[in-house]
Amino acid sequence: MLTIRHDLVDAMVAHARRDHPDEACGVVAGPVGSNRPERFIEMANAERSTTFYRFDAAEQLRVWRAMDAADEEPVVIYHSHTATEAYPSRTDISYASQPDAHYVLISTRKPDTHELRSYRIIDGEVTEEPVDVVESYMFSHTGADDVPDAS
Amino acid sequence: MSVTVSVPTILRTYTGGEKSVKASGSTIAEVIEDLEIRHSGIKGRLVKDGSLHRFVNVYVNDEDVRFVGGLDAKVHDGDNVTILPAVAGGSAAHERQTML
């Protein structure tokens, strides 16, 4: 289950809409081990493509160092599909390398409504998970024991 | 030349969980050969068909080595080499041939 604040969902969707028809991408960082997305970081799509995205390598190094220094990790890694459904492609699966991350996909193929879904991708295996959008984390339990056992 | 290599979570299975390891060499290729001697199996995750694997980014200090010679990029004593998993993907059914 991905539990995520409403404003962070709005920020991801706004980014995806703004970059449409190119794919948009970014991360939401949170404290290491917390499973709690907190800090929205929009990334440049170095490919500027309607069918592919890649974090700019120099920007990624800066962002990853800042996360390290703040004891954060990428809790959510998001990108948009602009003409297809919000489901990981073979390319998405081949690149997925963060077993602890929630891979969020946003489809902007329809102009008026968006589709936002979340997945775990571990060793090439995709598992969709429910998304719980909350106003604040204060009253929602987002502890590590919400993460299903890896078995 | 002795350098410090930052290892991403995904590759720490090869380094016994260590986040940062020492290696030596005067180019990235030599550093990777030395890493392979100390942490068997890691090279296969970094190099494919004689060049850097597209799934990883390798930096010398702040420089992406793809822009400074790739595996031939020079390293100097005390440099920091950082390995990060590339974050990429997209709706394309087939991967693009050129990734830069």
Checklist (1) more than 7 Å from chain B (Cβ to nearest Cβ); (2) modelled with pLDDT of 95 or more applied to A:Tyr53, failing item:
(1)
Output the number of the condition that B:Arg66 fails; it satisfies all remaining conditions of (1) at pLDDT 95 or above; (2) among the charged types (D, E, K, R); (3) not in a loop (DSSP other than H, G, I, E, B).
(1)
Looking only at residues in segment B:26-37 that are touching a strand residue (DSSP E or B) at 6+ places or on another chain (Cβ under 7 Å) and part of a helix (DSSP H, G or I), which one is most open to solvent (accessible area, probe 1.4 Å)?
B:Asp34
Across segment B:1-25, which residue is modelled with the highest pLDDT among those that are open to solvent by less than 40 Å² (accessible area, probe 1.4 Å) and more than 11 Å from B:Val81 (Cβ to Cβ)?
B:Thr15
What number of residues within segment A:16-41 are surrounded by fewer than 16 Cβ atoms within 10 Å (Cβ to Cβ) and more than 14 Å from A:Ala70 (Cβ to Cβ)?
3
Reported set for segment A:70-85 where residues are within 7 Å of chain B (Cβ to nearest Cβ), of a type in the set (Val, Ile, Thr) and open to solvent by less than 10 Å² (accessible area, probe 1.4 Å) is A:Ile77
Exclusive hit being closer than 30 Å to B:Val60 by Cβ, at pLDDT 95 or above and among the small types (Gly, Ala, Ser), set A:Ala16, A:Ala11, A:Ala44
A:Ala44
Hey, can you tell me all the residues within segment B:19-75 that are within 22 Å of A:Arg65 (Cβ to Cβ) and touching a Phe, Trp or Tyr at 6+ places or on another chain (Cβ under 7 Å)?
B:Ile42, B:Phe55, B:Val65
Could you please find all residues in segment A:47-64 being assigned to a helix (DSSP H, G or I), over 22 Å from A:Ala11 (Cβ atoms) and open to solvent by 30 Å² or more (accessible area, probe 1.4 Å)?
A:Ala58
Of the residues B:Val60, B:Val81, B:Val56, which is in contact (Cβ under 8 Å) with a residue 12 or more places away in the chain, within 13 Å of another protein chain (Cβ to nearest Cβ) and closer than 16 Å to A:Ala46 by Cα?
B:Val56
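The values are calculated or read from the model by the stated rules, or taken from the named source; none is laboratory data. Keep in mind the model is a prediction, meaning the values are calculated, not measured. Cβ sites come from the backbone with ideal geometry, for glycine too, and all protein chains shown count toward neighbours. Heads up: the accessible areas ignore ligands, DNA and RNA and are worked out on the full protein's heavy atoms, side chains in. Shrake-Rupley method; radii C 1.70, N 1.55, O 1.52, S 1.80 Å.
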